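Just below is one structure, and these are the notes that go with it.
The values are calculated or read from the model by the stated rules, or taken from the named source; none is laboratory data. Quick caveat, the model's predicted, so the values are computed rather than measured. Because the Cβ atoms are built from the backbone with ideal geometry, glycine has one as well, and the counts that use them run over all protein chains shown.
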Amino acid sequence: MGELAKYAVLRYVPDIERQEFINLGVVLHYPDQQLLKLKTTEAFSRLRVFDDEIDLSLLGLLLEGAKMEFDSESAEGPPRQHLQNPNLLTELTVRYMNQFQFSDIRSIVIKDFESDLNDLFRIYAYFEVPRSKRIDENKVRSVLSRTFRQYELSSFLKPAPTVKGKFEEIKFDFSYNNSEYVKAFSFDYGQRQLSRAPDLARSWAFRFREVVDQREGDKHQDSETLRPVFISVVHKGRESKHISTALEILRSESEIFYMDEVEKVAMHFRRRIESDLRTTEA
C-alpha cells in the first residue's frame, strides 16, 4: 500500500442552522513529505446565486488568509516540525466552525501531491472547473480503484467483470465473489442534456434486472446461486429534477453511494471479505 495523505473539503455555510453549504476548495496534507496546501475556487458567480447577501470582497480576503494558514510554504503556515504530525489537519480545521467549515478528515493514497490535489479539487469544487476537466465515469472509476488499493482490497475485487444477463453480456467496473457488482456513473450534463440522465439510469436498471433474472433462471440448475447485489457509485453534478429521477431509478435496483462516500464502499467490501475469511477458517 502506498503512503497516505489526508484531506478535507472547505465549505461556505451561509446559514449554520440549515447546514446548507457550497464547496469552496480542498486542503491536502502529506505528513511524510511535510506538504500542506489549500486549493480554493477563484470563480464566485455561483456564490452570489447561493447567497445574495454575501460580501464577495470579504470572502476573497478570508480565503486568501485561509490559503496562507494551510500552506507549508507560507510564513503564515504551520512550523516545519508540525507538518509531520498526522493529526495536523484535524487540529487546524476544528477551529473553523462558522460560515467557513471543513468536512470530516478523509484519507487518500498519495501518488503526486499537486496532481492529487487538483483531482480532489475537480471532484469537490466541481462547478468551478472548466467542463473539459470535469469528472467523468473514468474518473469515478479511477477514484474507486485507488480507494480499493488504499484499503488493500484489490486482490479480492475483480476489475471490469463481464456478467451474463438474460439478453446480453454486461460489463461492470468491479465485482466481488461473483455476487456483488459495482458500476460507476457520472451525470455530467449541460442544461440541455439533463434529460439524458433518466434514460441512462433506466438502461442500467434494466441491465441490473437482466442479471437478476438470469440468476433466478440458473437457480433451477444450481441451488447455491446467489442473488446479485448492485452498487452504483455516482457523481451527480448539478441538482435537477432529471438527476433526481435518474437517482430514484437506479435506487430501485441498486444501492447508491456518491463520490464523497467511496470510503464507505471500501469499508463495505472489507467487512464482507473479513466475514467470508472467518467463515472459511472456521
Would you mention how many residues in the range 269-282 are in contact (Cβ under 8 Å) with a residue 12 or more places away in the chain and surrounded by fewer than 18 Cβ atoms within 10 Å (Cβ to Cβ)? 3
Looking at the range 167-196 only, could you name the residues that are among the basic types (K, R), farther than 16 Å from S254 by Cα and touching a strand residue (DSSP E or B) at 6+ places or on another chain (Cβ under 7 Å)? none
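The rows are residues; the columns are (1) more than 24 Å from I108 (Cβ to Cβ); (2) free of Cβ contacts under 8 Å to residues at least 60 places away in the same chain.
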| site | (1), (2) |
| --- | --- |
| E168 | yes, yes |
| F174 | no, yes |
| Y181 | yes, yes |
| A197 | yes, yes |
| V211 | yes, yes |
| E216 | yes, yes |
| S244 | yes, yes |
| S254 | yes, no |
| Y258 | no, yes |
Can you find, within the range 193-250, the residue that is modelled with the highest pLDDT among those that are farther than 25 Å from Y176 by Cβ and polar (S, T, N, Q)? T245
From the residues in the range 242-263 that are surrounded by 15 or more Cβ atoms within 10 Å (Cβ to Cβ) and charged (D, E, K, R), which one is nearest to V212 (Cα to Cα)? E253
Does the range 120-132 contain any residue that is free of Cβ contacts under 8 Å to residues at least 24 places away in the same chain and either within 14 Å of V9 (Cα to Cα) or of a type in the set (F, W, Y) (or both)? yes
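Residue check: is D173 surrounded by 14 or more Cβ atoms within 10 Å (Cβ to Cβ), under 25 Å from F121 (Cβ atoms), of a type in the set (D, E, K, R) and at pLDDT 95 or above?
So D173 passes the test.
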Listed by range, strands (runs of 3 or more DSSP E) wholly within the range 155-236 having at least 1 residues that are assigned by TED's automatic domain parsing to the domain that holds I256 and closer than 23 Å to Y258 by Cβ are 169-171, 174-176, 180-186, 229-235
Members of the range 75-115 that are free of Cβ contacts under 8 Å to residues at least 24 places away in the same chain, exposed (fewer than 14 other Cβ atoms within 10 Å of the Cβ) and more than 23 Å from the chain's Cα centre (by Cα): A75, E76, P79, Q81, E91, R95, M97
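Does E248 satisfy being part of a helix (DSSP H, G or I) and under 15 Å from the mean Cα position of the chain (by Cα)?
no
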Give just the number: which of (1) modelled with pLDDT of 90 or more; (2) within 23 Å of the chain's Cα centre (by Cα); (3) charged (D, E, K, R) does E69 not satisfy? (2)
